[in-house]
Amino acid sequence: MRNPTPPKIWRGRSDCNDCGGDCNLFGDMPAKELDLIHTPFDDLRFPAGAPLFLQGDDVNGIYSIRSGMVKLNRINADGTQRIVRVLRPGNALGLEAMVHSQYEHDAIALTPVVACRVPLDVLSKLDRESPTLHRRILQQWHAALSDADHWFAELANGSARVRIARLLLKMRDAGNPTNSVLFTLEDIGSILGMTVETASRVINAFQREGKIKRLETQGRDYQIDVAALEAEAQSDAV
């Protein structure tokens with residue numbers, strides 16, 4: 001039996017009219033459609049490592065990430081887990097809330113996360129009355145499928161060095177593309193299907209070669225040599 005999702009560290013309320021346009025679902029909806037929303041959304045803060053929801057939890061809405069990064073884990077029947085993709089600001093997660101009664105992944109904050117949660121009753125009303133929302137959800141769903149395809153295509157093939165180089169490039173900070181947030185070694189193994197020992201050996205080699213530099217002694221933020229990693233990522237291509 002898995003533990004229930006623990007409470008959030010901080011919780012408030014958010015009015016979509018005051019969002020500032022940083023929500024891809026609702027940021028620039030027409031005023032007449034925004035007026036259909038009478039209940040403010042949940043405005044949530046999650047520390048790194050905290051779950052937004054767990055696989056099997058009853059759905060309570062769709063989450064829109066305003067800042068930070070979230071990893072989605074799929075728990076297999078044998079108890080093993082696989083990280084299927086990472087979401088960033090502007091992405092929506094929990095889209096299965098529109099058609100299923102339970103969430104299909106663990107959603108875990110990789111970094112401190114700020115997110116809005118759109119309650120189910122608001123979604124149901126807008127789905128009936130707002131063509132803009134319907135299009136946005138379809139767009140987000142398509143983006144999620146495309147992203148999952150790209151993760152698999154880019155990270156499933158190649159040597160350990162190639163795949164870790166590609167992972168580092170995919171995890172770049174949008175605001176500072178020479179910095180990258182790296183997973184734990186266990187998570188790298190889960191994503192790339194390699195042992196912790198192999199992941200550790202490659203990361204250490206990249207540090208010795210100057211391709212990456214840890215920004216804090218115990219942290220997971222790295223300064224990266226983008227050109228060197230791009231060359232590494234293409235080294236298996238013929």
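The values are calculated or read from the model by the stated rules, or taken from the named source; none is laboratory data. Since we're looking at a predicted model, the values are computed, not measured. No Cβ is skipped: glycine too gets one built from the backbone with ideal geometry, and neighbour counts run over all protein chains shown. Just so you know, the surface numbers come from the protein's heavy atoms only, side chains and all, with ligands and any DNA or RNA stripped out. Shrake-Rupley method; radii C 1.70, N 1.55, O 1.52, S 1.80 Å.
Return the residues of segment 144-164 that are modelled with pLDDT of 75 or more, in contact with a Lys or Arg (Cβ under 7 Å, 6 or more places away or on another chain) and open to solvent by 40 Å² or more (accessible area, probe 1.4 Å); say none if nothing qualifies. Correct list: E154 only.
When the test is whether a residue is in contact with a strand residue (DSSP E or B) (Cβ under 8 Å, 6 or more places away or on another chain), over 21 Å from L167 (Cα atoms), open to solvent by less than 70 Å² (accessible area, probe 1.4 Å) and charged (D, E, K, R), R66 passes it. Taking segment 130-143 as the range and being open to solvent by 80 Å² or more (accessible area, probe 1.4 Å), among the hydrophobic types (A, V, I, L, M, F, W, C) and either closer than 15 Å to L87 by Cβ or modelled with pLDDT under 70 (or both) as the test, only W141 passes. Summed over segment 88-122, the residues that are crowded, with 21+ Cβ neighbours inside 10 Å and without any contact (Cβ under 8 Å) to a residue 40 or more places away in the chain give a count of 1. Residues in segment 187-231 that are open to solvent by less than 30 Å² (accessible area, probe 1.4 Å) and closer than 16 Å to D173 by Cα were compared, and the one that is modelled with the lowest pLDDT is G219. The conditions are (1) open to solvent by 10 Å² or more (accessible area, probe 1.4 Å); (2) over 16 Å from the mean Cα position of the chain (by Cα); (3) modelled with pLDDT of 85 or more, and P177 fails exactly one of them. Which is it? It is condition (3) that P177 fails.
Checking every residue in segment 201-209 against the condition of being of a type in the set (D, E, K, R) and under 24 Å from the mean Cα position of the chain (by Cα) gives zero matches.
Which ranges mark the strands (runs of 3 or more DSSP E) fully within segment 1-111 that have 1 or more residues being at pLDDT 60 or above, out of contact with any Asp or Glu (no Cβ under 7 Å at 6 or more places or on another chain) and aromatic (F, W, Y)?
41-46, 51-53, 62-67
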